[in-house]
Each structure stands twice: as C-alpha cells, then as structure tokens.
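Since the structure comes first, as structure tokens, the remarks are kept for the end.
Derivation of every value follows stated rules applied to the coordinates shown; laboratory data play no part. The shown structure was predicted, so the numbers you read here are calculated from the model rather than taken from an experiment. Every residue, glycine as well, gets a Cβ built from its backbone with ideal geometry; the counts of neighbours run over all protein chains shown.
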Amino acid sequence: MQIIRNFLLVALFAFSGTLAMAQTERLIKEADNAYNNEAYYGAIDMYKKAYAKTSDADEKARMLFQIAESYRHTLDYDQQIIWYNKALKAQFDDPKAFLYLAQAYHRQGDFKQAIENYNKYKASSPGDNMADEGLAEATLAQEMLDKPSRYIVQNEVLLNSNEYDFGTGWADNEYNTIYFSSSRQGAQGIEIDQRTGESFQDIFFATRDSKGKWSEPERLTYRINTEHNEATPVLSDDKSMMFFTRCESDKDQNKGCDIFLTRKVDNNWSTAQLVPLKNEESTDVTTVGHPTLTNDGSYLIFASDMPGGIGGKDLWIAPFDKASRTAGKAVNLGPDINTDGNEMFPFIRKDGRLYFASDGRIGMGGLDIFSAETSGDNTWNNVENLGVPINSIGHDFGIIWEGDSERGYLTSDRNGGKGKDDIYSFNMPPLLFALEGVVYDKDTQLPVPEATVKVVGSDGASFEALSDGGGAFTFEIKGEERYINPETNYSIEVSKPDYLVAKDQISTVGLNESTTFLKEYFITFTNPDKPIEFPEVRYAFAKAELQVNAEVNSKDSLDFLYQTLVDNPTIIIELQAHTDSRGSDANNKDLSQRRAQSCVAYLESKGIPAERMVAKGYGESRLRITDAQIAKMKTEEEKEAAHQKNRRTEFSVQSFDYIPKEQQDN
C-alpha cells in the first residue's frame, strides 16, 4: 500500500507540475499576444504574473525586457529605466536593451548615463549607427538647452487633466475655441484602452474669454465620439467640415486607424463618415491619421504607415474634392520630409510652412517639432528643428499656430506637466528696446540741460529730443510704436551751442533680449581762451617733425583732432604748439610755430580745409611745469618727463562760423 501511495503522490506532483507549466505557458502566450496587439498595460500585468511562475532564467530575462518594452511604448521613462536595468542584470542578450535604456536616460535629461549606454550599445553592435545618432543627439540636446530661443512655453492647466491631453485644433477663425483629444474621465466609452491604460480618447472643446481664461472642457457629440479612440481634429477654413482620427480596437486585435469627416449642419456636427485613404497594399492594422488641410483646402496631409513609405509613419498628401468630400490617391511627401523614423502631426501655417513631429532626425530626442519651407506645388524642403523651449527632452508634437502671430499651442510629455501628455501654449514676447541717458559737461561734471540728442536709424528713422533740467533724455514709446526697433543700427549725436558734439552708436542687430541702452555723454564747452587737450602729439628734442616710430605715432593722436573737426564741421580752431624751456625764446618760438604748422599740414592732407585752422606757436611762454619745479626733481628721468609734458600741442575753438563748402555751393 505504501508503494502505491508513494506512486500516486509522485504522479500527482508530476501532474500538478505539468498543469502549472501549462498555465504558465498559457499566461506567457497571452502576454505576448497582448503585447503584439499593442495592449501594453495588460501585457505588463501578464508578464509580471508569468515571471513569478517560471524558473527558466532565459525566459525570465526575456519577460523583464518585454515589460521594459511595454513601458517604452507607453512612454513611462522611470519604469523603462528600472526594467531595462533588470533585464540587463538578468543577462538578457539583446544589445537593443542598452540602446533603449540610453534613450530612456536621454528623455530624463541624464545625459551622462545616456552616453554611457549609447557607448555600450555601440560596442556590442558596431555596425549599427543608432548609437552614433544617439550620441550626436545627446550632444546637440545639451547645445540647444544652452541656447534657447525667445519663445515662452506654459502649461495650460485649465485645459489639462491627469490623463492624456493632446492634439489641438482651432474651431473658429477668432482663435477663441479649441478642440483637443483627451482620455480624461467622462469619455464616451466605459472600457479601458489596454494600449494606454486610460479611458478611450474623445474630442473635447473649450472656449477662451476676453481675459484669456479657458472654460471647463466639454466632450463633443456622440456623432463624433464613440467607444473607440477619437483624436487630432482639424477644421476647414470656413469651419464647415472637420477631419479627425478614429482608431477602432478590441481586446484581441489592433485594427489600425482611419480619418473620418463630419459636416456642420444647423450648428451641429453630422455623423462622421470614413475618408478612404489607404492604398491597395494596406492591411487591417495599417494606420492613417493626424489629418491637416492645405490653406486652400484642396489637399489633405496625414500620417500613415501604409506600404510604399520611407520609414515607420510617413507624411502623405492626397487631393481632396470639397464638393464631393472625397480624397484622391495619396502620394508620399518623399525624403525631403520623411525619414526612416516616424513623421506625424502635420500642420500648415498661414505662410505655407509645414510643421510636423519627427523622431527620425537628430534633435532633442524622441519626437521633436520641425518646420519646412514651402517650395511650391505642395512640396516642402529645408527642414529645421524649432529648438528649445518649443522642443524638450521629452516628446513634443502637435503644434498649431494662431494665424500669423508668434503664438499657438503644442503637446508635450515634458517634465513638470499636469498629466501624461499635456497641452502647452507658447508665444514669443516682443523685443522691447529703449535708449536712456544723461548729458554732462565734461569739465564741470554737471548735467547739461537743453542739449539736443539726435538719433538716426539704418531703417531711415530720425528723431531727436532735448535733455531735461537734469540732463536726462529718454527714447522709448511714441504712440503705439517704439523709437528703438529690432535689427537696426543707430547713430547718436549730442550737441548744444558752444559745445563740441559727442557721437555714439548703438545696435539691436542680433540681440535676442529686450534691452534698455543706458548712456552717459560728456560734451566739452568751448572758450577761445581755454585750450582743449587731446592725445599727446610728440616731437623729438628740437625737432618739428611729427614723431612716428615703434613706440610713438603722433599721427594717431592727430587723428583724434581730425575726427573732432569732422564731427563739428562749422568750428574754426587755433592749433597751439608749445616747447619746453630749454633753448632761446626766439628759437623756441620758431620751433613751436613749425610744430603747429606740421600738425595743420597733416590735417590738410586728410582733407580738412586750411581756412578752418590757425597754426600758432607759443614757444616756452605757457609752461605746464616751471623750471623751478623741474629743478626740485630728483632724477633725470623725472625731469625729462616734465620737459616732455611742456612740449605739447593743444587747440581752442575760435568760432562756429565756418560754412562747409557743400553749403557754400548751395
């Protein structure tokens, strides 16, 4: 009996083991089937249950990878990092785990870990250039983060929920009503989408009041929203038709997506009708979606993975007949737009530029928003990344613009959002420039009232103002316009009777931040009896020639006086030369006269009329430092330096009466 009992126990255990193994295999098969049908949330739970029931190390490693893959498809970067690391620790042997782990770190902004895992993938898959693309993208992402554009991006809290909110479209031509997709509670269907783990997406709308505040979003009619996913609405220019994406699905099969059309009838939307766009090679799971219209409404642009494309999902274009509301044969937009990755969420701006999202071009990572110039005949080229902050290290897509203005809306799963995908507004604040300053007397350092400040712009603008009692002036706003504009050079001239003018320049060319230019101008009061100093004109001992050598260039000093004469075209000056006290009075008087004349000759050679200058030599009659003071100096070097200061050239303004030749001719 004992033998029989032992035999039965062994048989029972064997049967139980066989039954458990069969149950585990069935659970793994169900998990794989859910994953293959893009029911990722369901697959995650099934894989976790199957993982706990199997002892096969290789199968455990594979399931860890599949869990990570499911989180990759649902864009959960934190969980991706956890489960890819688990798979690698379990010796999962597919190098793609390193690549996807690097991409997850990349999306989280951890570029150090991203680069480390990109390099591991590169080492394990030397023939695959995806590692090099990832490394280049991580480097470029940091560069774009360091040099953001002037756009300001803000989360639209009143539009967003804790779930998915995305895919905006304008519902009126005043840009005050917006349609968008959401998986928030209150959707038409009551089932859970196994792909996202949320309610099925419906199209909602909200209206903006005069203060810019959005109303509580409401769901559109049942004629549009169903128990399936509806998203990415776009309306015709007259708002009489709306196109949108519908993705039907059930628990066992992914059925792909299609574009549907509904018409406005008595201010209500009609029951939506399918717009056939798939080609003959398409299958039941082929996706067609993300519609937009060209500005004239005669072509429909959309995203699809139907056969004949270049990458995963491409952008296609098909003629659309508004009368019959039917579309013609779709044509791929080609390699100028499409890549071996995914291109989606197209939008045509009023100026004809095409905007779309792509993960097939080097950028911040994931989906980035790009623009392309229109090249005529419904073709586009010269693709550009919109940079930071329009793009982030997350997925950024679904941009729409508010007419011709530099503002609009986009969708992003960037850090800091309210839900999973969130709607963000963006705008580029105007560059505001102003010029403010104070005019001072150079000698007294006191403010100069009623000085004329004249400004001339390279754009042809010209304006002026008088400084106030405190010497201050301001150029900021004139009516609804501004004095100082972007991308413009300005020349400034400060003048007042009996003062030498001061000149200056400012430029807003290339400036990316609003700026107020703060200036101080020091103008010199002129008196015939008071000489004006300028940079030293040096002469060798007992010589009249301008000193020019490796150490000294007196012509450079005279160039200052030349510019003063150019800036003040009506002044007549006395050019005064002086000597030191060594030598006879007569010789010094003659020497200083020759020195003054050498200065005048140089200025004449540069085009200053001789009648504007009087050469006057004062010899040793106006010493700066007396012989008695020099005698008290201790070293010969000090004494020689003092003599050099006495050997100087100055000028005084005798009058403002000169009439330039061009005025004489008139």
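General remarks:
- For GLU174 and GLU218, the FRET efficiency from 1/(1 + (r/R0)^6), where r spans their Cβ atoms and R0 equals 30 Å, is about 0.95.
- Rounded to the nearest 20, the size of the Cβ-charge dipole of the chain about its Cα centre is 1160 debye, with Lys and Arg at +1 and Asp and Glu at -1.
- Bins of 20 Å from zero: percent of alpha-carbon pairs in the chain: 14, 32, 19, 18, 12, 3, 1, 0
- P(r) weight above 22 Å for the stretch 134-224, C-alpha pairs, percent: 45 percent
- Here the stretch 554-665 is treated as an ellipsoid with the same Cα gyration tensor; its semi-axes, largest first and in whole Å, are 32, 13, 11.
- The lysine pair tally for the stretch 105-242, using Cα distances under 30 Å and a gap of 8 or more places or different chains, is 7.
- Gyration tensor (alpha-carbon) shape descriptor, the stretch 191-242, a/c threshold 1.5: oblate
- Here is how the number arises for the chain: DSSP H runs of 4 or more residues each give -39500 (n - 2.57), the sum is divided by the residue count, and the result at 222 nm is -8500 deg cm²/dmol.
- On a per residue basis, the convex hull of the C-alpha atoms belonging to the stretch 21-146 measures out at 101 Å³.
- Loop-located GluC sites (Glu not before Pro) in the stretch 465-520 (DSSP state not H, G, I, E or B) with no more than 14 neighbouring Cβ atoms inside 10 Å: GLU476, GLU480, GLU487, GLU513.
- For the stretch 317-388: span of alpha carbons on each principal axis (Å, largest first): 42, 25, 17
- Unit charges at the beta carbon, dipole of the stretch 258-299: most positive-side option, GLY297, ASN268, THR287: ASN268
- Based on C-alpha pairs under 8 angstrom that are at least 6 apart in sequence, the stretch 554-665 has a relative contact order of 40 percent.
- HIS73, HIS228, HIS578, HIS290 arranged by Cβ crowding within 10 Å, fewest neighbours leading: HIS73, HIS228, HIS578, HIS290
- Counting only cysteine Cβ atoms and a cutoff under 4.7 Å, the chain contains unmatched residues CYS599.
- Residue (of THR139, ILE337, THR635) at the positive-pole extreme of the chain, dipole from beta-carbon charges: THR635
- For the stretch 537-643, applying the loop criterion from DSSP together with a ceiling of 15 other beta carbons within 10 Å to the trypsin sites (Lys or Arg not before Pro) yields LYS543, ARG582, LYS606, ARG622, ARG624, LYS632, LYS634.
- Relative contact order (%) - the chain, alpha-carbon pairs under 8 angstrom, separation at least six: 8 percent
- Projected-area average for the stretch 73-158 over all orientations - Cα convex hull basis, square nanometres: 7.2 nm²
- In plain terms, if you count all Cα to Cα distances in the stretch 604-666 and split them into 10 Å steps from zero, the share in each step is 16, 32, 21, 17, 10, 3, 0 percent.
- For the stretch 433-523, the relative contact order works out to 37 percent when only alpha carbon pairs closer than 8 Å and six or more residues apart are counted.
- Within the stretch 553-666: Cβ-based charge dipole about Cα centre, in debye rounded to nearest 20 (Lys, Arg +1; Asp, Glu -1): 360 debye
- Using alpha carbons only: equivalent-ellipsoid semi-axes of the stretch 400-559, gyration tensor based, whole Å: 49, 23, 14
- Shape of the stretch 157-427 from the C-alpha gyration tensor: rounded (a/c under 1.5, with a ≥ b ≥ c the square roots of its eigenvalues).
- Among TYR179, TYR84, a tally of other beta-carbon atoms within 10 Å of each Cβ gives an order, fewest to most, of TYR179, TYR84.
- Integer Hz, Karplus 6.51/-1.76/1.60 couplings in order for the stretch 207-220, x for Gly and Pro: 10, 9, 8, 5, 9, x, 8, 7, 6, 5, x, 10, 7, 6
- Charged side chains reduced to their Cβ positions (Lys and Arg at +1, Asp and Glu at -1) give the stretch 433-523 a dipole of some 140 debye around its Cα centre.
- Shape category assigned to the stretch 433-523 from the gyration tensor of Cα positions, a/c cut at 1.5: prolate
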